[in-house]
Amino acid sequence: MAHEAHHGDAHAHAHWDTSVWPFVISFGILFLALAFSLHFVYHASFAAILTLGLAFPLIIAGVAGWTSEAMGKGEGLSYGAMGWFILAEAMIFISFFVAYWYTKLHVEVWPPAGNVTLPKVLPLVMTFVLVSSSLTIHYAEHLLHVGNKGGFRIWYLLTMILGATFLGMSIYEWSHLIGAGFTISTNAFSTIFFSVTGLHGSHVVVGLAIFMAGLPSVMRGDDIDEGFMRTAGLYWHFVDIIWFFVVSQIYYW
Amino acid sequence: MESKERKGKQGMHKQLVAILRRTSVAAFGFALAASSWAAGPAQSAASKINDPARGWDSLWHEVIVDITIIGILFAVVTAWFMFSSRRTADNQVGASPKLSPASAVGWTVLPIFIFLSIDLYTAANGWVLWNHYRDVPADRLEVKLESGMYSWDYTYPNGVRTQNELIVPAGKPVMLRMTSRDTLHSHYIPDFRVKEDSMPGRVTYLWFHPTKPGEHLVTCAEYCGVMHSYMAGRVIVKSTDEYAAWMKQEETMLAAAATTEAPAVPAKAGAPAAKPKKT
Amino acid sequence: MNLKEWIFTTDHKRVGILYLIGSLAAFAVAGIMALLMRAELSTIGPTITANPTNYNVWLYTHGAVMILGFQIPALTGFFANFCIPLMIGAKDVAFPRVNALSVWLFYVGVILALLTFFIPDPPDIMWTGYPPYSTITTGNTAMYSFTVLILGFASIIGGVNFLTTVAYMRAPGITLNKLNIFVWCTLGAFVLQLIFVPVLGTAVSLISMDKYLGTNFFDPAKGGDVLTYQNLFWFYSHPAVYVIFLPFIGVVFEVLSSHARSAVFNYKMVVYGGIGGIVLLAGEVWVHHLYVSGMADWLRIGQMVTTLMISIPVGLMMISLVGTLYKSSIAFTTPMLYALGVVFLFLIGGLTGIPLAVPSLTLAVSDTYYVVGHFHYVMAVAGTFSIFAGIYHWFPKFSGRMYNEFWGKVGFWLTFIGSNVVFWTMMDIGVDGMPRRYYDYAHFPQFESAHQLMTAGAVVLGLGFAIAVLNWIIGAMKGPPAGDNPWGSPSLEWTTVSPPPHGNWPTPPSVAEDWHPYAYKKG
Ligand code: HEA
Ligand code: HEA
Ligand code: CUA
Ligand SMILES: [Cu+2]
């Protein structure tokens, strides 16, 4: 869309920047919210699916359109902005932990009836995998900085593989627990367990999606925006750090 | 919480109140006289019953007077500046002197200390009254309350039950241990200046001190559902003799019911909560 | 006028105007809900509806939309968008597209909130949404959760945007000590939003998860705890009142100093003591909404002291407001009347918060109309007056035209009188025991005449607001041209033409060494 450059005040009103994508995404989200109500509140699942059929194309088209329109035109301010965004994200996790502590510390019997013993080794392996991926992305950024594009590509891919592995292990664990009858509705602890690990898992997915968005240009060997890489890396480190809290609070305390 | 447990904390509380008071005095010499004056009743009251309702009335009055004074002070100065600084010519600009660094600091630090001392002084008084609200006298009538949509169900220590009517003897502190079987409710007795929420999964308490026979409204002060505004009951204070007679009658009825093993209905269902006039 | 350039705009001024239109529409709807409630309360027993649920839905909509759909978007959406880039000499915000996303998400959130009137089983859970009621009612709790989540997300991305903008896009020469008070206030509000909105988002998600997805956060039978919600909710919703307060008092500072042509008294005290103090304290006082909730005593005692201490930073700001008037040159224009009104009415609202801060005193008046009176004074009266002051003040700038002074003043006096009649009476009957959220007050017959007085006052008050809104609509269409700087203010937004073009200035402005947004010069 049109941007910048006014030559004199005379036709200042002639060029106002526009973009349709924010509008499209917003209404996609409206339909998403409606679909939830239709299914869970009014039990009109067919209407819900139709509404989702509107929501997803709008959101996906919006994100895609936005990305192609704005890619590479960043003002280089996204790194600072990501810091603020992470502050907000961290508060979501803190809220869940506080809800957990508050509940746990006030009741007499903990854990409540119906609990199972969680695996002790798997979370360690998962921690190892996630920490490694934090290191690999850091190294990839370094290689990009010194201009080693080939090396950068390898470490970038390695990061994505490690992230996916982590996700796989998470899914494995969930399916085992659910198979053993330990679901999100079992008791207050299972509720916390699934919502916190699920929330964290969704952040891993978002992180991977960001890497995925950069993947085509990485594979083509284009010039990579270092600011973009640093921002994506920052987010990934954040996801990693949160995991320490998840492991220590949920699995071992 | 047991009042026995609280006894141990009492000492600590008193100390902290004292510290708060002293800080406020140090902050602002003017508070000194007022503070030692207010400390009086708190110390002598160890044995007597501290009726929180009366304490509430006097503290409320005091705080309202304080904030009225502060408010009028600010308002009068503002009104004076508004009057004296009207614009008289179109191109006129303000002529206030520039603040020197020292006076800028002064205008920050002095108000901070004045406001802080008022705050701490109010906090100290509020705390004393708070303890009166939370420390239940040992010689008391203890009644269990279960609230539900939309009624108040009382159970006396001997198992007698009533609904929407809490019958108590005059002169004896009454404590309610409260819980709820569905949503949040709040047992509010305007005449005794007290309310506290009840909820499922926790037991909360409140107490009040009825002194003479009479009737007092109980109303629900926490939004609990469609009929929230109709969830009302009464506290009926009877003289000691009348209360004893009533209780005796209830006890015999309860015993009779127990021998015939009738279902445990409330011994006496009080007047049901009011209903809307039209539908 | 090109409609596409408005709807799809990414320009901060037009995004701001979109915010203004949306939030005023939300205000009108929520105001009409208030009038319906007042009509219902004008007699004992059913008056205009026999179904209490209707009343509860109006009350829910009124509270939620006034706060989340009107005041927060008007202040952190409209004023922040329109003023901040102009005040710091930037040509736009850091991420214009994110800005457009934020305004359209705001519209989506308001649409969801107002769908209440078209769906079966509308939400009737009050803006506080306490479980267990919110998890067992037949009302649509999910609608509330999504409204809050979407409006909250819109606000967070707005906050990230503005913090980045002010950090990196100030024109040369505009140092941190030369930022308008309004900019500082809004930054403070955005920091609070970023920290606390996620907590609210979590809280309202949890009630829908409990209700629809089978989780057990608040179910004591499965080990949950109902008080968890109240803590999370107020951990956000107390700071939220300062998210409203900070920008609105910032607007009052701008208006007051412009129309009194006088520098803000003790600028640094306001920035570091006032705004800094509020941001630091805002997160440590939430328990004052839980004094009667039955939670731990030690938390209540501790937060009594912090709550009372909020009077210190707020008091510093009041001193500065009053001090600004000293030896100034006051023109009693319509925006100035509203701003001066705030000084008096916020005093009433703020000071009546002091008894509420004391838990023992609150045991009697919590959840009564005393509280309703307190927060209408600070928020519905002082907050709305500030918003109106600001709209009148910047009206010449964003529309290029002038409003009508006579009707402006008529509107002001009607609202001023109406507000005091309604909200003072509320506090009065509250102390005497009138509980809030009552569809009917059958067992308080003694309050009927007071309720009738308030209903009458509310009509006067609403008429005053409606006159103001009409004044803007007519002024924007037919008003005389206003000129670039009708108030004679040195603040940067008045140096460009009215209304400012896209890009704001042909070349980014740079300011002189001795320039300050409040440095009024003779002439
Ligand atoms: C803009 C909104 C706003 C603002 C600014 C405030 C400001 C304050 N509020 Fe208010 N409040 C609300 C909006 C707001 N509030 C809302 C919406 C609710 C109810 C929500 C609901 O339940 O639905 C509420 C409820 C509420 C409660 C809970 C009542 C209850 O439910 O039981 C309490 C209790 O402490 C309280 C206290 C205060 C205090 C101490 C301040 C202080 O910040 C005020 C400070 C200002 C002054 C004190 C005046 C100026 C200062 C001076 C002149 C200096 C000198 C003064 C002294 C030293 C005392 N408020
Ligand atoms: C910013 C917030 C805000 C504002 C501005 C208001 C404004 C008003 N409020 Fe409200 N109120 C709340 C926030 C607010 N309120 C909250 C948070 C609650 C608690 C909710 C809860 O308990 O959960 C509450 C609760 C509440 C109650 C308590 C009900 C109860 O507990 O049972 C009452 C009762 O009278 C009331 C009345 C009013 C009135 C008469 C106004 C008036 O000032 C409104 C006047 C405005 C108008 C009448 C609109 C004007 C018309 C236009 C602008 C249209 C013009 C357009 C054209 C001409 C095209 N409000
Ligand atoms: Cu019970 Cu309200
Ligand atoms: Cu508060």
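The values are calculated or read from the model by the stated rules, or taken from the named source; none is laboratory data. Being a predicted model, the structure only gives us computed values, none of them experimental. Cβ: placed from backbone, ideal geometry, glycine included. Neighbour counts: every protein chain shown. Note: areas computed on protein heavy atoms with side chains; ligands, DNA, RNA excluded. Shrake-Rupley method; radii C 1.70, N 1.55, O 1.52, S 1.80 Å.
Structure notes:
- Between C:Ser510 and B:Lys212, the modelled label-to-label distance comes to 8.4 nm, taking each label 7 Å out from Cα in the direction of the beta carbon.
- DSSP beta bridges in the protein assembly as shown [antiparallel fraction, %, rounded to 5]: 65
- The mean count of C-beta atoms from other chains within 10 Å of the C-beta of residues in C:46-53, rounded to a whole number, is 3.
- Counting only alpha carbon atoms, the long axis of helix C:12-40 and the longest principal axis of chain C meet at about 30°.
- Rounded to the nearest whole Hz, the Karplus-based 3J(HN,Hα) values (6.51 cos²θ - 1.76 cosθ + 1.60, θ = phi - 60°) of segment C:421-437 follow the sequence 4, 5, 7, 5, 4, 4, 4, 4, 6, x, 4, 7, x, 6, x, 8, 6, with x at glycine and proline.
- Helix C:448-478 and the longest principal axis of the Cα set of chain C meet at an angle near 30°.
- Estimated distance in nm for a label pair at A:Phe128 and B:Val76, the labels positioned 7 Å out from Cα along Cα-to-Cβ: 7.8
- A cut-off of 5 Å between modelled amide H atoms, ignoring neighbours fewer than 5 places along the same chain, links B:Ser186 with B:Ser198, B:Ala221, B:Glu222.
- Overall shape: oblate for segment B:141-259, with the ratio a/c of the largest to smallest alpha carbon gyration tensor axis at 1.5 or above and b/c at least equal to a/b.
- Legend: calculated FRET efficiency, C:Ala50 to C:Trp298, from the Cβ-Cβ distance at R0 = 45 Å, rounded to 0.05, equals 0.45.
- Remark: relative contact order (chain C) = 17 percent; criterion is Cα-Cα distance under 8 angstrom and separation of 6 or more residues.
- Separation of alpha-carbon centers, segment A:227-253 and segment B:131-167, rounded to whole Å: 51
- The phi torsions of segment C:162-179, fed into the Karplus equation with coefficients 6.51, -1.76 and 1.60 and a -60° offset, translate into couplings of 6, 4, 5, 4, 5, 5, 10, 10, 5, 5, x, x, 8, 7, 4, 7, 10, 7 Hz, rounded to whole numbers, with Gly and Pro shown as x.
- Whole-percent carbon and sulfur share, accessible surface of the protein assembly as shown, 1.4 Å: 69
- Spatially, segment B:175-196 and segment C:473-521 are offset by 58 Å when compared through their Cα centroids.
- Think of a 1.4 Å ball rolled over the protein heavy atoms: the protein assembly as shown then has 38 Å² of accessible area per residue.
- Relative contact order (percent, whole number), chain A, Cα cutoff 8 Å, 6+ residue spacing: 19
- Association of chains C and B removes close to 7200 square angstrom of accessible area from solvent, both sides included, for a probe radius of 1.4 Å.
- Estimated 222 nm signal from helices in the protein assembly as shown, with DSSP H stretches of n ≥ 4 weighted -39500 (n - 2.57), rounded to 500: -20500 deg cm²/dmol
- Between 0 and 90°, nearest 10: helix C:96-115 axis offset from chain C longest Cα axis: 30
- With a Förster radius of 45 Å applied to the beta-carbon distance between A:Val205 and A:Val107, the computed FRET efficiency rounds to 0.85.
- Across peptide C:334-344, the mean count of Cβ atoms from other chains lying within 10 Å of each residue's own Cβ comes to 1.
- Taking segment B:141-259 and dividing mean pair separation by its residue count, relative contact order in percent (alpha carbons under 8 Å, at least six apart): 27
- Applying the Karplus relation 6.51 cos²θ - 1.76 cosθ + 1.60 with θ = phi - 60° to segment C:209-225 yields 3J(HN,Hα) values of 5, 4, 6, 10, 10, x, 7, 10, 4, 10, 9, x, 5, 10, x, x, 8 Hz, where x marks Gly and Pro.
- Share antiparallel - DSSP beta bridges, segment B:141-259, percent rounded to 5: 70
- Cβ neighbours within 10 Å from other chains - mean over C:424-433: 1
- Per-peptide packing, taken as the mean over residues of other Cβ atoms within 10 Å, places B:165-173, C:14-22, A:232-240 in the sequence C:14-22, A:232-240, B:165-173 from highest down.
- Residues B:Asp191 and A:Thr117, FRET efficiency given R0 of 51 Å [Cβ-Cβ distance, rounded to 0.05]: 0.40
- In this simple spin-label model, placing a label point 7 Å from the Cα along the Cα-to-Cβ direction at both C:Ala39 and C:Tyr272 gives a separation of 5.5 nm.
- Summarising the amide proton neighbourhood of C:Ile330: residues at separation of 5 or more, or on other chains, whose placed amide H is nearer than 5 Å comprise B:Arg86, B:Arg87.
- Under 5 Å from the amide H of C:Val285 lies no amide H of any residue 5 or more positions distant or on a separate chain, with H modelled from the backbone and absent for Pro and chain starts.
- Interface A:C - total buried accessible surface [probe 1.4 Å, Å², rounded to 100]: 5300
- Centre separation in Å (Cα based) which lies between segment C:301-337 and segment C:1-68: 29
- Peptides C:4-12, C:190-198, B:78-86 ordered by packing proxy, namely the average of other Cβ atoms within 10 Å per residue, highest first: C:190-198, C:4-12, B:78-86.
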